[in-house]
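K.L.:
Please find one structure pasted underneath; my questions will follow.
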Amino acid sequence: MEPQHVEGDIEKVLLTEDDIQNRVSEMAAEIERDYEGKDVLFVGVLKGAIMIMADLSRRLTRHVEIDWMDISSYGSGTRSSGVVRIIKDLDMDITGRNVLVVEDIVDTGLTLSWLVSNLRSRGPASVEICALLRKPEAAKTAVDVRYVGFDIPNSFVVGYGLDFAEKYRNLRVIATLAPHMYS
Ligand code: XMP
Ligand code: MG
């Protein structure tokens, strides 16, 4: 299918709809194998993870529970600082649960490392991370992302849940923005 409304704003499509869907299927199969016989709770991070959560969870052939957290990370401009505030907490108690955090992208990893230690303090059986995208910076941090969709270059990307000023989340592709958009 043709990517919709990919016009002058978009510089380059990095991942097509097929690239994303094929990889998400592989990730779902891997997760299903790893959690065989165990219950798992998917915890999505709003809002960027909405698309990966919807597609990944529907690829599973078993039941899964889904909950969401909304967190905001203080930082200068586009850089995160690791100082995080909870805007919406989980509805569920995760004590004794196997938690899989579902994220759109890991950049510095500061947001996720804060989130993982916050979740661990609640006494879950396990906490693992699944992220669709990983930028090169993430390799330098301690955060261990168990399931990674794609390693991408260090440029700002939008689409498939990821936004620029709340736009482009509904693109079916992952793309870089044309420089005139943020200059
Ligand atoms: P850290 O650096 O803590 O931050 O791993 C991850 C969060 O930063 C946002 N982020 C992006 N959002 N395009 C986006 O739309 C990007 O290229 C990008 N890089 C980082 C995102 O909210 C992610 O959860
Ligand atoms: Mg995010």
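K.L.:
Does segment 74-83 contain any residue that is of a type in the set (S, T, Y), buried (at least 17 other Cβ atoms within 10 Å of the Cβ) and closer than 21 Å to E17 by Cβ? Can you show your working first?
P.N.:
We begin by selecting, within segment 74-83, every residue of a type in the set (S, T, Y); these are 74, 76, 78, 80-81.
If we keep only those that are buried (at least 17 other Cβ atoms within 10 Å of the Cβ) too, we end up with 80.
Adding the requirement that they be closer than 21 Å to E17 by Cβ leaves none.
Looking through segment 74-83, none of the residues is of a type in the set (S, T, Y), buried (at least 17 other Cβ atoms within 10 Å of the Cβ) and closer than 21 Å to E17 by Cβ.
K.L.:
Taking into account only those residues within segment 129-158 that are without any contact (Cβ under 8 Å) to a residue 60 or more places away in the chain and among the hydroxyl-bearing types (S, T, Y), which is surrounded by the fewest Cβ atoms within 10 Å (Cβ to Cβ)?
P.N.:
If we take residues in segment 129-158 being without any contact (Cβ under 8 Å) to a residue 60 or more places away in the chain and among the hydroxyl-bearing types (S, T, Y), then S155 is surrounded by the fewest Cβ atoms within 10 Å (Cβ to Cβ).
K.L.:
Within segment 159-183, how many residues turn out to be without any contact (Cβ under 8 Å) to a residue 24 or more places away in the chain and near ligand 1 (Cβ under 8 Å from one of its atoms)?
P.N.:
1
K.L.:
Restricting attention to segment 37-70, report how many residues are within 12 Å of ligand 2 (Cβ to nearest atom) and either of a type in the set (K, R) or modelled with pLDDT under 95 (or both).
P.N.:
Residues flagged as within 12 Å of ligand 2 (Cβ to nearest atom) and either of a type in the set (K, R) or modelled with pLDDT under 95 (or both) within segment 37-70 amount to 1.
K.L.:
Could we say that V45 is touching a strand residue (DSSP E or B) at 6+ places or on another chain (Cβ under 9 Å), hydrophobic (A, V, I, L, M, F, W, C), in contact (Cβ under 8 Å) with a residue 24 or more places away in the chain and not in a helix (DSSP H, G or I) here?
P.N.:
Values: touching a strand residue (DSSP E or B) at 6+ places or on another chain (Cβ under 9 Å): yes; hydrophobic (A, V, I, L, M, F, W, C): yes; in contact (Cβ under 8 Å) with a residue 24 or more places away in the chain: yes; not in a helix (DSSP H, G or I): yes.
Yes: the conditions hold for V45.
The values are calculated or read from the model by the stated rules, or taken from the named source; none is laboratory data. Since this is a predicted model, take the numbers as computed values, not measurements. Every residue, glycine as well, gets a Cβ built from its backbone with ideal geometry; the counts of neighbours run over all protein chains shown.
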